[in-house]
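Chemist: Below you will find the structure I want to go over with you.
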Amino acid sequence: MFSKIINPFRSYSLLAILTAGLLASCTPDESGIGNGLTDPDVDASFTVKPVDGDPNSFVLQSTNDNVLRFMWNIGDGFYNAPATDTIFLPDAGTYTASQRVIGRGGAVNIATQEIEVATSDPAAGNIIQGGKFENQAAQEHWTVLNISESGANWSFNDGFATITASDFNQQGIFQAVEVEANKEYTIDMRVFGSGATNTWFEAYVSPEPPVQNSDYAADGRRIALSTYDGCGNSEFDGRISQLGCVGSGNTVSFEQSGTVYFLIKSGGESTGSTGISVTNIEMRGKRE
């Protein structure tokens with residue numbers, strides 16, 4: 001009887017040759033070339049158009065719809081938004097608007113433009129003084145509130161203020177502002193840091209004056225970062241209205257006109273390797 005003998009080594013050799021050929025035919029010579037998965041030239045350009053009848057509002061319009069994600073920044077960090085976004089710039093001055101787009105394959109590109117605002121909005125002008133900490137004159141609008149004897153410290157820099165704290169110590173900064181009765185005000189600020197541990201960063205607005213060497217908890221927290229409640233644990237940079245996770249809200253009104261106190265206090269086990277920094281502090285009246 002004749003028996004057909006199959007050489008297993010020959011079969012494996014043929015399989016290896018076929019597999020290598022298939023891989024060679026499917027693999028481009030250089031990564032990212034010819035596979036259509038990456039768009040290295042993703043377009044981040046955009047237009048800026050003023051809103052008719054509103055000198056403090058502008059429409060940002062991306063010129064490229066073929067991207068996976070749009071992000072805008074007008075000075076307080078990038079935020080997610082559609083390809084078209086309307087922004088409100090209540091204070092006179094020069095602003096830098098940026099768009100960051102993410103295309104296929106994770107390609108990223110950024111474009112910027114300057115926006116000139118001629119006049120401040122009469123209703124929504126900022127009543128906080130020195131909220132950008134841009135120089136010594138701005139920084140002098142703020143008073144340090146000592147709460148703990150040591151272990152916490154606010155420092156003022158050109159463009160921001162930073163709190164560092166450890167061992168559950170805390171310290172605050174505040175200023176007096178004048179408000180109108182029954183008018184709604186919105187508070188906000190840009191905050192950034194490397195991430196904290198068992199730490200709080202709280203904003204208050206109250207007629208009750210701060211007292212040196214005493215804690216401050218008048219009317220409760222308006223808006224805050226709190227690692228205990230799930231925000232501020234990891235690196236962050238943005239508006240506290242978007243990052244904060246605890247407090248009664250960032251809108252406030254008062255039954256009587258007069259002096260109130262805008263106060264920020266922070267402390268905890270560790271405010272992180274860079275501390276917690278703040279700038280662009282605002283308290284604005286509501287637009288009708």
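The values are calculated or read from the model by the stated rules, or taken from the named source; none is laboratory data. All values derive from a computational prediction rather than experimental measurement. Here Cβ is always computed from backbone atoms with ideal geometry, including for glycine, and neighbour counts include all displayed protein chains. SASA here: full protein model, heavy atoms, side chains in, ligands and nucleic acids out. Shrake-Rupley method; radii C 1.70, N 1.55, O 1.52, S 1.80 Å.
Chemist: Could you report the accessible area of Lys49 in Å², rounded to 10, computed with a 1.4 Å probe on the protein chains as they sit in the structure?
Modeler: Lys49 exposes around 130 Å² with every protein chain in place.
Chemist: Give me the distance between the Cα centres of segment 58-80 and segment 193-211, rounded to whole Å.
Modeler: 31 Å
Chemist: Write down the accessible area per residue of segment 177-288 in Å², having rolled a 1.4 Å probe over the full set of protein chains. It would help to have the intermediate numbers written out before the result.
Modeler: On the way: 4890 Å² over 112 residues.
Using a 1.4 Å probe on heavy atoms only, each residue of segment 177-288 averages 44 Å².
Chemist: Over segment 74-199, what is the relative contact order in whole percent, taking alpha-carbon pairs under 8 Å and six or more residues apart? Walk me through the intermediate numbers first.
Modeler: Numbers: 152 pairs, mean separation 21.5, N = 126.
Relative contact order for segment 74-199 comes out at 17 percent.
Chemist: Shifting gears a bit: Under 5 Å between amide hydrogens, which residues at least 5 positions from Cys231 or on another chain qualify, with H placed 1.01 Å from N in the peptide plane?
Modeler: Ser226
Chemist: How many angstrom lie between the C-alpha centres of segment 104-151 and segment 241-274?
Modeler: 15 Å
Chemist: State, to one decimal in nm, how far the label point of Ser166 lies from the label point of Glu178, with both points 7 Å from Cα in the Cβ direction.
Modeler: About 4.4 nm separates the two model spin labels.
Chemist: What's the carbon and sulfur percent of segment 174-229's accessible surface, probe 1.4 angstrom, rounded to a whole number?
Modeler: Carbon and sulfur together cover 44 percent of it.
Chemist: Right, next: Please list the non-local residues whose amide H lies under 5 Å from the amide H of Ser148, H modeled 1.01 Å from N, same-chain partners needing a gap of 5 or more.
Modeler: Sorted by chain and number, the residues that satisfy this are Gln170.
Chemist: Hey, another quick one. Using a 10 Å cut-off on Cβ atoms, rank the peptides 168-178, 197-207, 128-138 from the highest mean neighbour count down.
Modeler: Highest mean packing first, the order is 197-207, 168-178, 128-138.
Chemist: Calculate one ³J(HN,Hα) per residue across segment 157-173 by plugging θ = phi - 60° into the Karplus curve 6.51 cos²θ - 1.76 cosθ + 1.60, and present them in order as whole Hz with x for glycine and proline.
Modeler: Each residue of segment 157-173 in turn: 10, 6, x, 6, 10, 10, 9, 10, 8, 8, 6, 6, 8, 8, 8, x, 9 Hz.
Chemist: Treating the angle as unsigned and between 0 and 90°, give the value, to the nearest 10°, between the Cα long axis of helix 8-26 and the longest Cα principal axis of the chain.
Modeler: 50 degrees
Chemist: At q = 0.13 Å⁻¹, what is the base-10 log of I(q)/I(0) for the chain according to the Debye formula with one equal point scatterer per Cα and no solvent? Please give it to two decimals.
Modeler: -0.96
Chemist: Run the helix sum for the chain: -39,500 (n - 2.57) per DSSP H stretch of 4+ residues, divided by residue count, reported at 222 nm to the nearest 500 deg cm²/dmol.
Modeler: About -2500 deg cm²/dmol.
Chemist: Could you give each residue of segment 113-129 its phi-based ³J(HN,Hα) in whole Hz, using Karplus coefficients 6.51, -1.76, 1.60 with θ = phi - 60°, and x for Gly or Pro?
Modeler: In residue order, the calculated couplings are 8, 9, 10, 9, 10, 6, 9, 7, 5, x, 8, 10, x, 6, 8, 7, 9 Hz.
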